[in-house]
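Reading through the structure tokens given below for one structure.
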Amino acid sequence: MLKFYYTPLSPNARRVWITLLEKGIEFEPIILKLNGDQFQADFLEINPFHHIPVIVDDGFKVIESLAILDYLESKYPTPSLLPNDAQALAKVRMVQMVTANELFPKIISLIAESPESPQFGKAVEHINIGLKFLSEIIGDRTFFSGEQLTLADIVAGTVIPFLPNLGVSLDDYPQLKNWCEQINQRPAWQKTKLNDADFEEFKRRVRFLVRLRRREMNRDNQADEHK
Ligand SMILES: N[C@@H](CCC(=O)N[C@@H](CS)C(=O)NCC(=O)O)C(=O)O
């Protein structure tokens, strides 16, 4: 059976979890705590970058959430979560990449920075550029590709619904707001959603990781100065 390495707190892993549920793929859950267990030799053999999510299917391992989604779509094509039309497919990819590369890093800033700081304000500005772009793609459709749920909805749907809880209103984007309400009701979203305590724990871990990375960067910079 397909093995799924993840933690329920991770939005990157949740993309994969929701895809497994939407496609009705059976899996063996292997939960990591990310308290150092990701550095154990047996996990490093599976993913040398010590990240979840990872899947191992028939002995074939796949790392990187977006690569995992493509693998699952090819290997388990029903129900289909990708359109065939060139423009529709390009839109799915744009939604995925804009969410992963433009919105997600700024969400980290919303969690790590004080709401009064210039960095927080800049993150909100950037997120609004992303939301405007995404609301133009969704137009007045139910999902990003029309009536069919796709990987675009799954990737954006594990990020955008959290924005109001992090200080970014969706009031200027009524269709995205309707879409959030729709997808949040789907069984796969309900089953994988974070409760309030989990969400606080997720934010605590993000702040801890950001502090750790900053300390490491300072140490590296100081070491470079003394060379
Ligand atoms: N680009 C990767 C990112 C994965 C990632 O950053 N995973 C985090 C959890 S959200 C992780 O495993 N962190 C543990 C670590 O960095 O040691 C993906 O999309 O799968």
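Read-outs: derived from the displayed coordinates by stated rules, not from any lab. The model shown is predicted, which means the values in this text are computed figures rather than measured ones. We place every Cβ from the backbone using ideal geometry, glycine too, and count neighbours over all the protein chains shown.
Let me have the 222 nm mean residue ellipticity of the chain computed from DSSP H runs of 4+ only, each contributing -39500 (n - 2.57), with the sum over all residues rounded to the nearest 500. Mind showing how you got there, number by number?
Details: 10 runs with 125 residues, N = 227.
Taken over the chain, the calculation gives -17500 deg cm²/dmol.
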Point to revise | Nitroxide proxy distance, nm - points 7 Å out along Cα→Cβ at Glu116 and Asn101 | key: 3.6
Revision key, fill the gap. Per residue convex hull volume, Cα only, the stretch 2-75, in Å³ is 79
Exercise for review: Find which of Ile31, Phe60, Gln119 sits farthest along the positive direction of the dipole of the chain, computed with +1 on the beta-carbon of Lys and Arg, -1 on that of Asp and Glu, about the Cα centre.
Suggested key: Gln119
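Subtracting the Cα-Cα distance from 0.36 nm times the residue separation, let me have the gained length for Gln148 to Glu28 in nm, one decimal.
Contour length minus the Cα-Cα distance gives 40.4 nm.
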**Study point:** lysines with Cα under 20 Å of Lys23, excluding same-chain neighbours fewer than 8 positions away
**Key:** Lys3, Lys61, Lys75, Lys191, Lys193
Exercise for review: List the longest stretch of the chain that has no exposed loop site; here a site is one of the GluC sites (Glu not before Pro) assigned by DSSP to anything other than H, G, I, E or B, with at most 16 other Cβ within 10 Å.
Suggested key: 148-227
Review point. Of all chymotrypsin sites (Phe, Trp or Tyr not before Pro) in the stretch 1-109, which ones are in loop regions per DSSP and have a Cβ with at most 10 other Cβ atoms within 10 Å?
Key: Phe49
**Study point:** Selection of trypsin sites (Lys or Arg not before Pro), the stretch 1-86, meeting DSSP coil and at most 10 other Cβ within 10 Å
**Key:** Lys33
Point to revise | Dimensionless Rg ratio for the chain, taking C-alpha atoms and the 2.2 N^0.38 Å reference | key: 1.06
Practice item. Quote to one decimal, in nm, the extra length available between Leu44 and Arg211 on full extension: 0.36 nm per residue of separation minus the C-alpha distance between them. Key: 57.8 nm
Practice item. In whole Å, largest first, what are the principal axis extents of the Cα atoms in the stretch 86-190? Key: 40, 29, 22
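So in the chain, what percent of DSSP beta bridges are antiparallel if you round to the nearest 5?
Expressed as a percentage, antiparallel bridges in the chain total about 60.
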Practice item. Please give the contour-minus-distance gain from Met1 to Asn35: 0.36 nm per residue of separation, less the Cα-Cα distance, rounded to one decimal in nm. Key: 9.6 nm
